[in-house]
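**Student:** Right, I'll just put the structure down here and ask away after.
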Amino acid sequence: MKPKILQMCALSPELDAALAEHYQVIPWWQSKNTEALLAEHGADIAGIATAAPTGVPSSLIEVLPALRVISCRGVGLDKIDLNLAKSRDIQVAGSFGTLSDCVADLAFALLLDVARQVSQSDQYLRQGQWLQARYPLTTRVSGKRLGIVGLGQIGREVAKRASGFNMQVAYNNRRPVSDVPYQHQPSLKALAEWADFLVVCVSGGSETQALIDQEIIEALGPKGYLINVARGTVVDEAALISALENGRLAGAGLDVFAEEPKVPEALIKLSNVVLTPHVASGTVETRQAMEDLLLENLQAYFSEGQVKTPAPA
Ligand code: 8YV
């Protein structure tokens, strides 16, 4: 008998098919009457497959008495109440160990683009403006100071890449990390004051809501750049926009936003920002690895009782 799982959202045709092959899949996102779905299936749903942006509402977890495992495509589990899951002995698994390189690569792509104005100068050339005048000077990256907010797996990969640009690296974390050569700065404000580039890699959720607020943005200052590959909720978006519009911050590279996929028009109009649509882990290779792992985590739980890559305790 195949275990019954709830699939919260369409994942990919291949993964959707693989889940259907191994499990009795109840497609939550296709349901026009979730009350009836829960009345019919709620009592024996043992697992959930979801993606990070969708998560699993706590109100749903609370009405699934047989739920034992949640397997998520993604590492940002801020849309899943991990404390509630723990209190119910529900194992939660994410794409840990699959996407740090790609996210760190994009963080550096955004950093280089916004500082050296790659996208801006590309448009300048395509619009024939080079025929009239040379492109203005931009900002050097090599040898500058890189501040990392959250030295987890992704933050560590960002720091590694910084050495390729001879950058000085310091970081702000809840606790110092012992096995890295970088300076721990316990004060986020002091880190922002020191850094030329501040790269946000912390987890989303209530603990980091608006962590990068007006005070931190002003500390980074008119020659500073903010890069966000974490969650839009970590940055006070209104404060960021105001600083960018009024020259109190030099620029920003953003892959995440407060209300995705909607992006404020005020950001879209700015020339000192580089904006990407939450694509940091979105490479063919990494997405495949993430989806393989989502399936492996479910299979590991149902065959051995333990997922392979559990959410950090
Ligand atoms: C995307 C992410 O959400 O890993 C995360 O938390 O934000 C990204 O990988 C991707 O859509 C995951 O499904």
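**Student:** For the stretch 89-115, give me each residue that is over 26 Å from residue 251 (Cα atoms) and of a type outside the set (S, T, N, Q).
**Tutor:** Of everything in the stretch 89-115, those that are over 26 Å from residue 251 (Cα atoms) and of a type outside the set (S, T, N, Q) turn out to be 89, 90, 92, 93, 94, 96, 97.
**Student:** Determine whether residue 66 is surrounded by fewer than 16 Cβ atoms within 10 Å (Cβ to Cβ) and in a helix (DSSP H, G or I). Step through it out loud before you land on a result.
**Tutor:** On the way: surrounded by fewer than 16 Cβ atoms within 10 Å (Cβ to Cβ): yes; in a helix (DSSP H, G or I): no.
Criteria not met by residue 66.
**Student:** Starting from the stretch 43-66, keep only residues that are touching a residue at least 24 places away in the same chain (Cβ under 8 Å), then list their pairs with residues that are polar (S, T, N, Q) and within 16 Å of the ligand (Cβ to nearest atom) whose Cβ atoms are within a distance under 6 Å, requiring at least 6 positions of separation or different chains.
**Tutor:** These pairs meet every condition: 49/7; 49/71; 56/50.
**Student:** How many of the residues in the stretch 1-39 are part of a helix (DSSP H, G or I) and over 21 Å from residue 296 (Cβ atoms)?
**Tutor:** Number of matching residues: 9.
**Student:** Step by step: first the residues of the stretch 83-100, then only those that are of a type in the set (A, V, I, L, M, F, W, C) and within 16 Å of the ligand (Cβ to nearest atom), then the one that is surrounded by the fewest Cβ atoms within 10 Å (Cβ to Cβ). Which residue is that?
**Tutor:** For the stretch 83-100, the residue satisfying everything is 96.
**Student:** Quick test for you: out of 168, 132, pick the one residue that is farther than 17 Å from residue 223 by Cβ, modelled with pLDDT of 95 or more and out of contact with any helix residue (DSSP H, G or I) (no Cβ under 6 Å at 6 or more places or on another chain).
**Tutor:** 132
**Student:** Does residue 132 meet the test of being away from the ligand (no atom under 16 Å from the Cβ), out of contact with any strand residue (DSSP E or B) (no Cβ under 9 Å at 6 or more places or on another chain), among the polar types (S, T, N, Q) and over 25 Å from residue 166 (Cα atoms)?
**Tutor:** yes
**Student:** How many of the residues making up the stretch 226-264 are of a type outside the set (Lys, Arg), over 24 Å from residue 78 (Cβ atoms), touching a residue at least 12 places away in the same chain (Cβ under 8 Å) and in a loop (DSSP other than H, G, I, E, B)?
**Tutor:** First pass over the stretch 226-264, keeping only residues of a type outside the set (Lys, Arg): 226-230, 232-247, 249-261, 263-264.
The next check asks that each one be over 24 Å from residue 78 (Cβ atoms); those that pass are 242-247, 249-251.
Still in the list and also touching a residue at least 12 places away in the same chain (Cβ under 8 Å): 242-245, 247, 249-251.
Among the residues that remain, those that are also in a loop (DSSP other than H, G, I, E, B) are: 247, 249-250.
Going through the stretch 226-264 one residue at a time, the tally reaches 3.
**Student:** If residue 23 satisfies every condition in (1) more than 14 Å from the ligand (Cβ to nearest atom); (2) crowded, with 17+ Cβ neighbours inside 10 Å; (3) of a type in the set (Ser, Thr, Tyr); (4) under 23 Å from the mean Cα position of the chain (by Cα) but one, which is the exception?
**Tutor:** (4)
The values are calculated or read from the model by the stated rules, or taken from the named source; none is laboratory data. All of these numbers come straight from a predicted model, not from anything done at the bench. When we count neighbours, we look across all protein chains shown, and the Cβ atoms used for this are built from the backbone with ideal geometry, even at glycine.
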